[in-house]
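Heads up, the thing below is written out as structure tokens.
Nothing in this text is a laboratory measurement; each read-out follows from the coordinates by a stated rule. Fair warning: this is a prediction, and the values are worked out from it, not measured in the lab. With ideal geometry, Cβ positions are generated from the backbone for all residues, glycine too; neighbour counts draw on all protein chains shown.
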Amino acid sequence: MCKSPVRPRILIADDHACMLSTIARLVGDDCDVIGTVADGEELLREAHRLNPDLIILDIFMPVLDGFAAGRRIKAELPQIPFIYITLDPDPALIAEATRIGASALVAKESAAKLLIDAARRATEGAS
């Protein structure tokens, strides 16, 4: 997936443990999963602490939803690209993800190939 000479370091946020482990397995062959978290506040704390090359996050999470977390990531850590994953690829959600500055929005039902492709594009040139 991630073909950079240095393996990109990825932080994953989803409130469903099964989805966290699935995403980690999908990207884990080519990237280093440096952390997984279950809510937006925890994501922000870990993003500041770990400084990942890419964040993959769910839109609908407790404590702080993915859109609010994405806005803060863009403001506080603008160098880190992020990809949204969601069960509901509604056009309004896609528009909001784009407006916030996400690299992509991927539907969970088609996550495998699309997530790998989106992560590759988002981490091209990552150091």
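Within segment 69-86, identify whether any single residue is touching a Leu at 6+ places or on another chain (Cβ under 8 Å), of a type in the set (D, E) and within 19 Å of S21 (Cα to Cα), and answer yes or no. Checked against the condition, which is being touching a Leu at 6+ places or on another chain (Cβ under 8 Å), of a type in the set (D, E) and within 19 Å of S21 (Cα to Cα), segment 69-86 yields no hits at all.
Does V27 satisfy being surrounded by fewer than 19 Cβ atoms within 10 Å (Cβ to Cβ), in contact (Cβ under 8 Å) with a residue 24 or more places away in the chain and closer than 20 Å to D117 by Cβ? The answer is no for V27. Picking from residues in segment 77-101 that are without any contact (Cβ under 8 Å) to a residue 12 or more places away in the chain, outside any loop (DSSP other than H, G, I, E, B) and not β-branched (V, I, T), the one that is farthest from E41 (Cα to Cα) is P91. In this entry, L50 passes the filter for residues that are under 23 Å from E124 (Cα atoms) and surrounded by fewer than 17 Cβ atoms within 10 Å (Cβ to Cβ). Can you report the number of residues in segment 4-16 which are closer than 21 Å to A68 by Cα and either touching a His at 6+ places or on another chain (Cβ under 7 Å) or without any contact (Cβ under 8 Å) to a residue 60 or more places away in the chain (or both)? Qualifying residue count, segment 4-16: 5.
Residue-wise test of (1) closer than 15 Å to F82 by Cα; (2) β-branched (V, I, T); (3) more than 12 Å from the chain's Cα centre (by Cα).
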{"residue": "I10", "(1), (2), (3)": "yes, yes, no"}
{"residue": "A17", "(1), (2), (3)": "no, no, yes"}
{"residue": "L20", "(1), (2), (3)": "no, no, no"}
{"residue": "G28", "(1), (2), (3)": "no, no, yes"}
{"residue": "E41", "(1), (2), (3)": "no, no, yes"}
{"residue": "R49", "(1), (2), (3)": "no, no, yes"}
